[in-house]
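What follows is calculated from the coordinates using simple rules that are stated; it is not laboratory data. Remember, predicted model here, so these are calculated numbers, not experimental data. All Cβ positions, even for glycine, are placed from backbone atoms using ideal geometry, and neighbour counts span all protein chains on display.
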Amino acid sequence: MQIKVVPLGAGQDVGKSCILVTIGGKNIMMDCGMHPGYNDHRRFPDFRYISREGNFKGLIDLVIISHFHLDHCGSLPYFTEVLGYDGPLYATHPTKAIMPILLEDYRKISVDRRGVEQKDFFTSEQIKQCMLKVTPCSLEETITIEPDFEIRPYYAGHVLGACMFYIRVGQQTLLYTGDYNMTPDRHLGAACCDKLRPDLMITESTYATTIRESKRWRERDLLDSVTQTVRAGGKVLIPVFALGRAQELCLLLDAHWERTGLDAPIYFSAGLTEKANWYYKLYISWTNQKIKDTFVKRNVFDFQHIRPFDRVLIDEPGPMVLFATPGMLSGGLSMEVFKKWAPSEHNLVIMPGYCVPGTIGHKVLSNGGKPQIIQLPADEGGGQLHVRCKIRYMSFSAHADAKGIMTLIKQVEPANVMLVHGERQKMEFLKERIKKEFGLPCYDPANGATAYITTHHKVPVQLSAALVGKRRRAEGADSVLGAPWGQRQLGPSNLQPLLGVVCVKDASNIKVLDPAEAALFLNVPQCHLSIRHRLPLADPLAPPLGAAADELAASVECALQYHGLAVQRSLVVGLFRHTISRSL
């Protein structure tokens, strides 16, 4: 049996996660994202691999969305409403609730501001219709899609509502991790999963070669950098996505301002902030234990020192800190502010997470954050931008690092591992490490490439009580076929051959029965079968033919008696006869 995997996105790449898996005869799409580094047809996965005619009904048996980040769900309305998929579609409750907010924001930036043609995108109404097709699920809830076809989500950390999906079709199983974090932070817990031992584990590998320093050291470094900049009169821009690291860093700075008494204003992009914090309050059960314990006294997401941002403040003199969306400087307010603040050497831009190649964030980090001149894309007005401000990369990303990935593999104990959502060279390094340390087959297919994973399963067979308890008669110690059988019953530590009948009702109901039980099970009468074999001899005592025949007869007689078959030998002049009788 084989599992077939084709990455339509995130194969040796970060962005537009979309993994197509064929397992147990079912076609499953895991995530349906967009690529933040492209603004043309490459932003969506190449769905032509599934069907060039555009008819997707009946071709995909299930779609699952691991979390609400756009690189995992950004093309979902296009796939369901434009291309016409209407099959089962599952996501967790927070993911279903938050997805439409980010999708609508993405649509506005792409269509209204960047001028993408509407026919190549999706509308606000299509986002609403898409969300109606999503079935919400709860953590560790076993959901039966069809008989012998089930899924189960596990907590992944990363962002609110993120989950891993365990999938079982027949005897074949796999675990798709999506994005996950093995380290708890200020508002979310660490990923948690049972020892599932799946046939295949498909894991992200964003930080395949990175082992991050301690969280406390990173937090202190960020706070020192921000404090020095605002005290010197500079501005700090932190490009973030509306949900996830934004709340983590807001909690950090809000607490720091409370302790130190700093009075420089902290702003967050207006609009999405209120909605994001409302969802964190609604789904407080998805946060870590500390947040839950303090929720009764005070909701920590009601920030004391952070206020909504207005665009008129962009040119306001004086120090300030701004959390602006989206992350990676991929358009929107963060890019608008960056163009205004980047020319000043007094200002600071902090990139708190991974930046996909092709984004402005990746470009400004490519030379180590030194002053440079960058070419702006046409959809951002074109021209050159002198970047003189300080650029700092501080990894507050909620992805597992190399140590976390290895920890999860050890915890889950898969038979095979596949790496996705990472850079090719880094994935190659991690793949070799997994092979060396765990001795497991490891794969890292590129987008559009096909990987076949062979699975091996034992077939469960029920032995009847009559057959297991059956005893063999003692045979002569001089048996040519081996030592005589003992008189004890069959046990787990002693190997004894048994004579039975295999009865198969279906793939999950296989029994080995005593011949008498088999006759009753199959509703067939028992018959008495007699077989005779005659060998004419001119002189049965004359060698060598007579000796050969006698040796043959002895061997056949021993073999038949070993299997409990009655044998009668008669010797007549010119005739050598065997009669074999057995009740069936």
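Key figures for this structure:
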| read-out | value |
| --- | --- |
| Proximal lysines relative to residue 297, as straight alpha-carbon distance under 29 Å, when same-chain residues fewer than 8 apart are discounted | 96, 215, 275, 281 |
| Kyte-Doolittle mean at least 0.0 and Cα axial length at least 18 Å: DSSP H helices in the chain | 545-562 |
| GluC sites (Glu not before Pro) restricted to the range 40-128 and DSSP loop, no more than 14 other C-beta within 10 Å | 53, 117 |
| Local electrostatic count at residue 152 - Lys and Arg +1, Asp and Glu -1, tallied over other residues with Cβ under 11 Å | -3 |
| P(r) of the chain over all Cα-Cα pairs, binned every 10 Å from zero, in whole percent | 3, 15, 21, 19, 12, 7, 7, 6, 5, 3, 2, 0, 0 |
| Net charge of Cβ neighbours under 13 Å - reference residue 320; Lys, Arg +1; Asp, Glu -1 | 0 |
| For the range 350-355, 3J(HN,Hα) per residue [Karplus equation, 6.51 cos²θ - 1.76 cosθ + 1.60, θ = phi - 60°, Hz, x = Gly/Pro] | 10, 9, x, x, 4, 10 |
| Global geometry of the range 215-393, whether rounded, prolate or oblate, following the gyration tensor of its Cα atoms and the 1.5 cut on a/c | prolate |
| Within straight-line cross-link reach of residue 339, aspartates and glutamates at Cα separation under 17 Å, skipping those fewer than 8 residues along the same chain | 310, 315, 316, 379, 380 |
| Gained length - residue 466 relative to residue 59, 0.36 nm times residue gap less alpha-carbon distance | 141.8 nm |
| Calculated FRET efficiency for the pair residue 275/residue 346, C-beta based, R₀ 51 Å, to 0.05 | 0.95 |
| Antiparallel content of DSSP bridges confined to the chain, in %, to 5 | 60 |
| Cβ-derived FRET efficiency at R0 22 Å, residue 435 paired with residue 213, nearest 0.05 | 0.20 |
| Chain lengthening between residue 452 and residue 42 when straightened (0.36 nm per residue, less Cα-Cα) | 145.0 nm |
| Net charge over other residues, Cβ less than 14 angstrom from the Cβ of residue 291 (K, R count +1; D, E count -1) | +1 |
| Partner aspartates and glutamates for residue 26 [C-alpha distance under 19 Å; skip if fewer than 8 residues away on the same chain] | 61, 86, 146, 148, 150, 199 |
| Label-to-label distance, nm, for residues given as residue 315 and residue 410 (7 Å Cα→Cβ offset) | 5.7 |
| Gyration tensor (alpha-carbon) shape descriptor, the range 134-225, a/c threshold 1.5 | prolate |
| Within the range 166-193, backbone nitrogen closer than 19 Å to the virtual label 7 Å beyond the Cα of residue 2 toward Cβ | 169-174 |
| Packing-based ranking, highest mean first, of 515-522, 428-435, 184-191 given that Cβ atoms within 10 Å are counted | 184-191, 428-435, 515-522 |
| Electrostatic dipole magnitude of the chain [Cβ: Lys, Arg +1; Asp, Glu -1; Cα centre; debye, to 20] | 720 |
